[in-house]
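The values are calculated or read from the model by the stated rules, or taken from the named source; none is laboratory data. Computed from a prediction, not measured in an experiment: that's the story for all the values here. All Cβ positions, even for glycine, are placed from backbone atoms using ideal geometry, and neighbour counts span all protein chains on display. The area values use the complete protein model at the heavy-atom level, side chains included, leaving out ligands, DNA and RNA. Shrake-Rupley method; radii C 1.70, N 1.55, O 1.52, S 1.80 Å.
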Amino acid sequence: IRPQLGIFEDITVDGESYRMFSLAVPNGGAIQVARSTEEDASLLRSLLARFGLIAAAATVGASLLGWWIARRTTEPLRRLADVAATVTETRDFSVDVPVDRSDEIGTLAASLRTMLTALETSQRQQRSLVQDASHELRTPLTSLRANVALLERIENSPSQLAPDDRAAVLAAISAEVAELGSLFDELIDLAADSDRDEPLVPLRLDEVVERAVRRSEQRTDRVIELRTVPVTVKGNEAMLERAVTNLIGNAHKFSPSDEPVEIVVELLGASDVGVSVRDGGPGIPPADRARVFDRFHRAETTRTLPGSGLGLAIVAQVVEHHGGEV
């Protein structure tokens, strides 16, 4: 015979909670045992309070740890933001960018440093271009003012200028205007960015050189001896033709009238292509060879000749844009 099982129930006596166990006995009647639950409730309240304190402390600790980690993580970004704000406010691109990490933030800092270096170089070149251009423009403008003032004085005076003298003054004015026009065109070529934005495409360099040679022969009546081989390169056709034209113009200016200009297009090794221009002029003094491709630089022996000193600078810029060496 299976004994009867007792039952548990919660009761309240005089406002106090109890846990009571009731068990029926044979022949009628029951045994009831009760115990106050206040001790258990007090223990539970104590545990809940302790767990609450532990959870609060853990939350505060985790928050502080997360704040510290976030601060350590974002500190390089704040430094970069400070650098960007300084550059924006001062327009000073020489601000140092700290690069002391090798992760993504370090890569971002290195890219920012490279960008600021490029901007600083561009700003310096822009200022140099403006200063040099203003200096070069001042000379023909001064000459033009002087010649125009001379003509005005003669027109307002009773004396008359001899026809030959008048023709000489007008020729000088025409020459200065032509030089100003040439300088303006070369400044536009040097500063223009439209061609440099275009992609480099495969083209026949020998055909580009041939077109430049034919155009130069028509303009100058200069004999140009050309030797080429079929070569294909990636480049910008307009820029390359401009560079070759400038080299031919430079050679024409310094060569005696009876000396031909020689141009050779050839393969140099497995992948390199060379374009060389030889003239019959006096050559470049050793002291000027390091600066011959600088903007507006002209050797002492050539300062009396027409020109702006920009032709070879444009050549160097085009070649550099194509990843070559001049």
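Details
- Leading residue by the ranking (farthest from the chain's Cα centre (by Cα)) among those in the range 231-257 that are closer than 13 Å to VAL201 by Cα and among the aliphatic types (A, V, I, L, M): VAL233
- Taken over the range 91-115, the residue count meeting the criterion of being assigned to a helix (DSSP H, G or I) and either open to solvent by 60 Å² or more (accessible area, probe 1.4 Å) or touching a helix residue (DSSP H, G or I) at 6+ places or on another chain (Cβ under 7 Å) (or both) is 10.
- Residue in the range 200-211 that is in contact with a Lys or Arg (Cβ under 8 Å, 6 or more places away or on another chain) and part of a helix (DSSP H, G or I) present: no
- Those residues of the range 294-325 which are farther than 23 Å from GLY181 by Cβ and at pLDDT below 85, in sequence order: ALA299, GLU300, THR301
- The criterion of being open to solvent by less than 80 Å² (accessible area, probe 1.4 Å), under 30 Å from ARG101 (Cα atoms), of a type in the set (Ser, Thr, Tyr) and not in a loop (DSSP other than H, G, I, E, B) holds for SER63.
- LEU190 being at pLDDT below 70 and either in contact with a strand residue (DSSP E or B) (Cβ under 7 Å, 6 or more places away or on another chain) or surrounded by 12 or more Cβ atoms within 10 Å (Cβ to Cβ) (or both): yes
- For the criterion of being in contact with a strand residue (DSSP E or B) (Cβ under 6 Å, 6 or more places away or on another chain) and more than 22 Å from GLY283 (Cβ to Cβ), VAL201 fails.
- Search result, residues across the range 242-257 that are more than 20 Å from LEU267 (Cβ to Cβ) and open to solvent by 30 Å² or more (accessible area, probe 1.4 Å): ARG242, THR245, ASN246, GLY249, ASN250, HIS252, LYS253, PHE254, PRO256, SER257
- Within the range 225-260, the set of residues being touching a Lys or Arg at 6+ places or on another chain (Cβ under 7 Å), more than 22 Å from HIS321 (Cβ to Cβ) and at pLDDT 90 or above comprises just one member, PRO230.
- The set of residues from the range 8-57 being out of contact with any helix residue (DSSP H, G or I) (no Cβ under 9 Å at 6 or more places or on another chain), surrounded by 11 or more Cβ atoms within 10 Å (Cβ to Cβ) and among the charged types (D, E, K, R) comprises GLU9, ARG35, GLU38, ASP40.
- Scanning the range 260-278 for residues that are among the charged types (D, E, K, R) and crowded, with 16+ Cβ neighbours inside 10 Å returns a single hit, GLU262.
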